[in-house]
Amino acid sequence: MPNEFLMSTTHEAPWLPLGSSAEVWVGHNCQIVEPVVVTRLLLVRRNLNGVSEFFCVPTPKGLNLPTRYLWTDPGSVTDLMRDVFGRADLATRCVGFIRNVVPSPDASYAYPTPWAHVPVNLITDTVEPLIAGEWISVVHGGSEFSEQHWWPIVEHYLSTQAG
C-alpha cells in the first residue's frame, strides 16, 4: 500500500519556469505517478563497520545516483537496471519522488505539465553493480549531495531504514 507524504516544497524553483515549484515526496512504498521523465536507482548496503552506504556513479557533473533521462534516452527502470547490474529482473520499490509542478510552461520547458515525476527506486534484491562507481556513507552524503534534488529522499530512507 502506498504511504508517501510531502516532505518539502521549493516554491519558485529557479530551475523551473516562473510560478513553478518542486515537491519532494518520501515514503517506504510510494506509488509511481506518471508521467515519469527521469528515473533513479538507490542501492544500499552496510559496510564492515555497519554504516549504511549508497551507490553513486561518475557523471560529467560529478557523482550521481544511477539515472536514466527518459525524454532523451527512451527506456524504463528495467533498462537502467540492465545497464547497472546486467539484469532487469530485480525487485524494487519507490522510496520517494520529485514532482515538478509547472502550471504555465515557457519555451525552455519541454516536459509534461502540470506535473513531471522523478522517482527513486530502491533495489530490494541483494546485488552488486557491474559498473564503476563509489559507495557513499550517509555522513559524507549530506555534505556532498545536499544540493541534489534526490538527496532528501535518500537521507530519509537511510535515516529510517525500512526493511
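The values are calculated or read from the model by the stated rules, or taken from the named source; none is laboratory data. The structure displayed is predicted, hence computed values, not measured ones. With ideal geometry, Cβ positions are generated from the backbone for all residues, glycine too; neighbour counts draw on all protein chains shown.
Name the single residue, out of those in segment 68-110 being surrounded by 16 or more Cβ atoms within 10 Å (Cβ to Cβ) and hydroxyl-bearing (Ser, Thr, Tyr), that is farthest from TRP151 (Cα to Cα).
Residue satisfying both the conditions and the ranking: TYR109.
Could you tell me whether VAL51 is under 13 Å from the mean Cα position of the chain (by Cα), surrounded by 13 or more Cβ atoms within 10 Å (Cβ to Cβ) and β-branched (Val, Ile, Thr)? It would help to see each step written out before you state the result.
Details: under 13 Å from the mean Cα position of the chain (by Cα): no; surrounded by 13 or more Cβ atoms within 10 Å (Cβ to Cβ): yes; β-branched (Val, Ile, Thr): yes.
So VAL51 fails the test.
Has segment 25-34 got any residue that is at pLDDT below 95, surrounded by fewer than 18 Cβ atoms within 10 Å (Cβ to Cβ), touching a strand residue (DSSP E or B) at 6+ places or on another chain (Cβ under 7 Å) and more than 20 Å from LEU70 (Cβ to Cβ)?
Checking segment 25-34: at least one residue is at pLDDT below 95, surrounded by fewer than 18 Cβ atoms within 10 Å (Cβ to Cβ), touching a strand residue (DSSP E or B) at 6+ places or on another chain (Cβ under 7 Å) and more than 20 Å from LEU70 (Cβ to Cβ).
Just checking, which of LEU130, LEU42, LEU65 is in contact with a helix residue (DSSP H, G or I) (Cβ under 9 Å, 6 or more places away or on another chain) and farther than 30 Å from PRO17 by Cα?
Working: LEU42 fails: farther than 30 Å from PRO17 by Cα; LEU65 fails: farther than 30 Å from PRO17 by Cα.
Only one candidate qualifies: LEU130.
Across segment 1-36, what is the total count of residues that are of a type in the set (Val, Ile, Thr) and outside any strand (DSSP E or B)? If you could, list the steps in order and put the result at the bottom.
Going residue by residue through segment 1-36, those that are of a type in the set (Val, Ile, Thr) are 9-10, 24, 26, 32-33, 36.
Filter again for outside any strand (DSSP E or B), leaving 32-33.
The total comes to 2.
If you go through segment 116-123 one residue at a time, do you hit one that is at negative phi and surrounded by fewer than 18 Cβ atoms within 10 Å (Cβ to Cβ)?
We begin by selecting, within segment 116-123, every residue at negative phi; these are 116-123.
Next, from what is left, pick out any that are surrounded by fewer than 18 Cβ atoms within 10 Å (Cβ to Cβ): none.
No, because not a single residue in segment 116-123 is at negative phi and surrounded by fewer than 18 Cβ atoms within 10 Å (Cβ to Cβ).
I'm trying to understand the selection: among the residues of segment 25-67, which are farther than 16 Å from ASP125 by Cα and without any contact (Cβ under 8 Å) to a residue 24 or more places away in the chain?
LEU48, ASN49, GLY50, THR59, PRO60, LYS61, GLY62
Mind listing whichever residues of segment 76-105 are farther than 23 Å from VAL24 by Cβ and either small (Gly, Ala, Ser) or in contact (Cβ under 8 Å) with a residue 60 or more places away in the chain (or both)? Spell out how you get there, then give the answer.
Restricting attention to segment 76-105, the residues satisfying the condition of being farther than 23 Å from VAL24 by Cβ are 78-79, 81-91.
The answer is GLY86, ALA88, ALA91.
Tally up the residues in segment 35-48 that are surrounded by fewer than 16 Cβ atoms within 10 Å (Cβ to Cβ) and not hydrophobic (A, V, I, L, M, F, W, C), please. Give the steps one after another, and end with the answer.
Within segment 35-48, the first condition is being surrounded by fewer than 16 Cβ atoms within 10 Å (Cβ to Cβ), and the residues that meet it are 35, 45-48.
Next cut, not hydrophobic (A, V, I, L, M, F, W, C) only: 35, 45-47.
Count: 4.
May I ask you to verify whether THR59 is modelled with pLDDT under 90 and within 29 Å of SER108 (Cα to Cα)?
Values: modelled with pLDDT under 90: no; within 29 Å of SER108 (Cα to Cα): yes.
It is false that THR59 is modelled with pLDDT under 90 and within 29 Å of SER108 (Cα to Cα).
Mind counting the residues in segment 5-31 that are over 26 Å from THR92 (Cα atoms) and of a type in the set (A, V, I, L, M, F, W, C)?
Step one: list which residues in segment 5-31 are over 26 Å from THR92 (Cα atoms), which gives 10-21.
Checking the rest, the ones that are also of a type in the set (A, V, I, L, M, F, W, C) come to 13, 15-16, 18.
Selection size over segment 5-31: 4.
Within segment 82-91, does at least one residue satisfy the condition of being outside any loop (DSSP other than H, G, I, E, B) and under 14 Å from the mean Cα position of the chain (by Cα)?
Just the residues of segment 82-91 that are outside any loop (DSSP other than H, G, I, E, B), to begin with: 82-85.
Checking the rest, the ones that are also under 14 Å from the mean Cα position of the chain (by Cα) come to none.
No, segment 82-91 contains no residue that is outside any loop (DSSP other than H, G, I, E, B) and under 14 Å from the mean Cα position of the chain (by Cα).
Condition check: small (Gly, Ala, Ser), over 20 Å from THR160 (Cβ atoms), at pLDDT 90 or above and part of a strand (DSSP E or B). Does ALA132 satisfy that? Talk me through it step by step, then tell me what you get.
Numbers: small (Gly, Ala, Ser): yes; over 20 Å from THR160 (Cβ atoms): yes; at pLDDT 90 or above: yes; part of a strand (DSSP E or B): no.
Considered against the rule, which asks whether it is small (Gly, Ala, Ser), over 20 Å from THR160 (Cβ atoms), at pLDDT 90 or above and part of a strand (DSSP E or B), ALA132 comes out as no.
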